[in-house]
Every structure is written in structure tokens, then in C-alpha cells.
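Engineer: Input: one structure, supplied below.
The values are calculated or read from the model by the stated rules, or taken from the named source; none is laboratory data. Model, not experiment: these values are computed from the prediction. In this analysis, Cβ positions are derived from the backbone assuming ideal geometry, glycine residues included, and neighbour counts consider all displayed protein chains. Note: accessible area is taken over every heavy atom of the protein model, side chains too, but ligands, DNA and RNA are not part of it. Shrake-Rupley method; radii C 1.70, N 1.55, O 1.52, S 1.80 Å.
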Amino acid sequence: MPPALKARRTVCGLFFVAAFGSSLSASGADHNDARAWSALRDGAIVLVRHANAPGVGDPPAFRLGDCSTQRNLDEAGRMQAQRIGATFAQEKVRVGKVMASQWCRTLETAELAFPGKVVAHPAFNSFFQDNTRAVQQTDTARALLLDWSGPGALVVVTHQVNITALTGIVPASGEGIVLRRAGPLLQSVGRIRP
């Protein structure tokens, strides 16, 4: 197949997905959002990717506990984090516990959304730049999640790489993946968006 024809087919395919795929996923999202909020009111777990923090990864001089060396929330991210908390209140979700990674952007997201409730936990720290600990850390995080029995919902603010390792889902900034325990497994119920 000539390269020009192959490129045209690719562009047409991408247009089809953009035009029709988004409307299909939007109708499914409404259903999933309702199921997800209902599950949270019943004490489910939500993994929230930190709010908007421009960039990827962290600078080379990154130091845990020193926010000046990290990628941080911008103003849009701070507003997004506040919307997360407001939406939980609007949806009448009783939050039993809030955990976050030790990164500044996750702690700030959690604190802006759920002031005074945040506990940092290294099991939810990013392993984006050092995946040698990914398996062990994901196993530890999964065990913590499976141990949750309430009361209320468990909110965990963490990173895309952690959420994807636990669920296979790639969330957007500020998006939450709602999970329920299904025996020894975690089952995805739906997504919530600020």
C-alpha cells in the first residue's frame, strides 16, 4: 500500500474514533459515574490520580519532602483538587480515610480535597522513574486496599503509574477509579471525574 494511502486511512480512522468513539464513551461514562458514586456511598475505594501538575515525571534533582525539587500542582490543579472534595460532599460520600503518596502534588491534591484527613503512605509513592520496586510496592498497595473495611470510603491519591499497575487503567489528572473488593481481587466499578 502506498504511504500516502496508508497515512490517509490512519487519519480517517483517527477521525472516526474522535468523532464517534467519544460519544460512545461519554454515554457509558454517565452510567459508570452513577455506579461509581453509589459504590463510594457504600464504602468502596477510589484511586485518584493527583490533580493537574504540568510536565512528566520529576526533575533530576528531585528530593522527597522538598517541594521545590518536584513537579507540583498549578493553579488549575489546585482548583481541580478543590472540586474533587466539593463533588464528594455534593454526592454525599462519607470519607472514612484519605491516604496519599509522599509526593507534594499528591499530598496537596488530597489536602485541598479533604483537609485535615490525609495520611501519607510510601506504598502509593510513584515508581515512574524507578520501576525496580514496582511489583513489590504494587503488592503492598493492593494488600492495603484489600484490607479496607470502612466505615466510609477509602480515598487514595497517587500517580498514574501506580493506578495503572493496580487496575490496568490509565486515568487523567484528577480522575478517580472506583474499586470494590471481590474476594481476593479488586474489581473496577467505574470512573469519577472532577
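Engineer: Does Val161 fit the bill of being free of Cβ contacts under 8 Å to residues at least 40 places away in the same chain, open to solvent by 10 Å² or more (accessible area, probe 1.4 Å), not polar (S, T, N, Q) and not in a loop (DSSP other than H, G, I, E, B)?
Structural biologist: yes
Engineer: Sticking with this one: Take the residues of region 59-71 that are part of a loop (DSSP other than H, G, I, E, B) and over 28 Å from Phe88 (Cβ atoms): which is least open to solvent (accessible area, probe 1.4 Å)?
Structural biologist: Asp66
Engineer: Considering Arg71, Arg41, Arg49, Arg63, which residue is more than 18 Å from Ala120 (Cβ to Cβ), among the basic types (Lys, Arg) and out of contact with any Cys (no Cβ under 6 Å at 6 or more places or on another chain)?
Structural biologist: Exactly one of Arg71, Arg41, Arg49, Arg63 is more than 18 Å from Ala120 (Cβ to Cβ), among the basic types (Lys, Arg) and out of contact with any Cys (no Cβ under 6 Å at 6 or more places or on another chain), namely Arg41.
Engineer: Just the residues that are aliphatic (A, V, I, L, M), assigned to a strand (DSSP E or B) and modelled with pLDDT of 95 or more, please, taken from region 164-185.
Structural biologist: Hits for region 164-185 are Ile177, Val178, Leu179.
Engineer: Here is a list: Val93, Val98. Which entry is surrounded by 15 or more Cβ atoms within 10 Å (Cβ to Cβ) and in a loop (DSSP other than H, G, I, E, B)?
Structural biologist: Val93
Engineer: Counting only residues that are in contact with an Asp or Glu (Cβ under 9 Å, 6 or more places away or on another chain) and assigned to a loop (DSSP other than H, G, I, E, B), how many does region 108-149 have?
Structural biologist: 4
Engineer: I need the full set of residues from region 134-154 which are open to solvent by 60 Å² or more (accessible area, probe 1.4 Å) and over 23 Å from Ala39 (Cα atoms), in order please.
Structural biologist: Of everything in region 134-154, those that are open to solvent by 60 Å² or more (accessible area, probe 1.4 Å) and over 23 Å from Ala39 (Cα atoms) turn out to be Val135, Gln136, Asp139, Thr140.
Engineer: Which condition from (1) within 21 Å of Arg191 (Cα to Cα); (2) part of a loop (DSSP other than H, G, I, E, B) is the one that Val46 breaks?
Structural biologist: Exception for Val46: condition (2).
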